[in-house]
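Asks: I have a structure I would like to understand better, so I am pasting it below and will then ask my questions one at a time.
Bear in mind these aren't lab numbers, they're just calculated from the coordinates by the rules spelled out. Because the structure is a prediction, the values reported are computed rather than measured. Positions of Cβ are backbone-derived with ideal geometry, glycine not excepted, and every protein chain shown enters the neighbour counts.
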Amino acid sequence: MIIVSGCLLGIPCKYDGGTNLSKSVRKYLENKSYVMICPETMAGLTAPRPPAEIVGDKVVNREGVDVTESFRLGAQKAWELVSEKAKEKQEEITLAILKARSPSCGSGRIYDGTFAGVVTDGDGIFAALLKEKGIRVITEEELDAYMEEERIND
């Protein structure tokens, strides 16, 4: 089973109320078992909402409000949903394809907290949780390289 960010599949849960639809992610998931999540909306954050970035060990929105607990709650709720679905289907979670640079889903690189489009090393709250659980996390930007790796290993 694959975990995928809902915004990548066209769900309007992005901070601005839009999506991050990725046709390549959608195509990759054809005939695969997956569960779609949005940790932020699962925590009760609305779409639209002020953008948020990670600053040190906190998640702060553009208005200066600390939303760390909402992001942690959302990550936990998303994990519980994913775990439940995997158990129901009796499937192992093999991969997560998450939105690049997101304070929830970013993997390896996230926005630096200045709201200036600058990135820094780090993981979003949900991506970090998945990595702690031993689940491989990639972003939609890494999908082509991942598919090439799969092809080589088959």
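Asks: Indicate, rounded to the nearest 5 percent, the antiparallel portion of the DSSP beta bridges found entirely in the chain.
Replies: Numbers: 8 of 19 bridges.
If I count the DSSP bridges inside the chain, around 40 percent turn out antiparallel.
Asks: With all pairs of different alpha carbon atoms counted, what Kirkwood hydrodynamic radius in Å does the chain show?
Replies: On the way: mean 1/r = 0.0644 Å⁻¹.
Hydrodynamic radius (Kirkwood, Cα only) of the chain equals 15.5 Å.
Asks: Around Leu8, with a cut-off of 9 angstrom between Cβ atoms, what is the net charge of the other residues, counting Lys and Arg +1 and Asp and Glu -1? Intermediate values should be presented prior to the final figure.
Replies: Details: positive: Arg26, Lys99; negative: Glu140.
Net charge around Leu8: +1.
Asks: If each DSSP helix of 4+ residues adds -39,500 (n - 2.57) and the sum is divided by the residues in the chain, what number results at 222 nm, nearest 500 deg cm²/dmol? Don't jump to the answer; show the numbers that get you there.
Replies: Details: 5 runs with 52 residues, N = 154.
It lands at -10000 deg cm²/dmol.
Asks: Would you list which lysines come within 27 Å of Lys32, measuring only between C-alpha atoms, while excluding same-chain residues fewer than 8 positions from it?
Replies: Lys14, Lys23, Lys77, Lys85, Lys87, Lys89, Lys99, Lys131, Lys133
Asks: Additional query: How long are the three semi-axes of the equivalent ellipsoid for region 59-108, computed from the Cα gyration tensor as the root of 5 times each eigenvalue, in whole Å, largest first? Let's see the in-between values first.
Replies: Numbers: eigenvalues 142, 38, 6 Å².
Taking √(5λ) for each Cα gyration eigenvalue gives 27, 14, 5 Å.
Asks: What does the highest-first list of 12-18, 23-29 look like by mean Cβ count within 10 Å? Could the numbers behind the result be given before it?
Replies: Values: 12-18: 17.0, 23-29: 14.9.
So the order, starting with the most tightly packed, is 12-18, 23-29.
Asks: So, one more: Which GluC sites (Glu not before Pro) from region 23-73 combine a DSSP loop assignment with at most 12 other Cβ atoms within 10 Å? Walk me through the numbers before you get to the answer.
Replies: Numbers: sites: Glu30, Glu40, Glu53, Glu63, Glu69; in loops: Glu30, Glu63.
Counting only loop positions with at most 12 other Cβ atoms within 10 Å, the GluC sites (Glu not before Pro) in region 23-73 are Glu30, Glu63.
Asks: Can you find, among Ile11, Ile93, Ser33, the residue sitting farthest towards the positive end of the charge dipole of the chain, where Lys and Arg contribute +1 and Asp and Glu -1 at Cβ?
Replies: Positive-end residue among those listed: Ile11.
Asks: Moving on. In whole angstrom, how far apart do the alpha carbon centroids of region 100-115 and region 1-41 sit?
Replies: Answer, in whole Å: 17.
Asks: Here's another thing I want to ask about it. Hey, got the dipole for the chain? About the Cα centre, +1 on K and R Cβ, -1 on D and E Cβ, debye to the nearest 20?
Replies: 380
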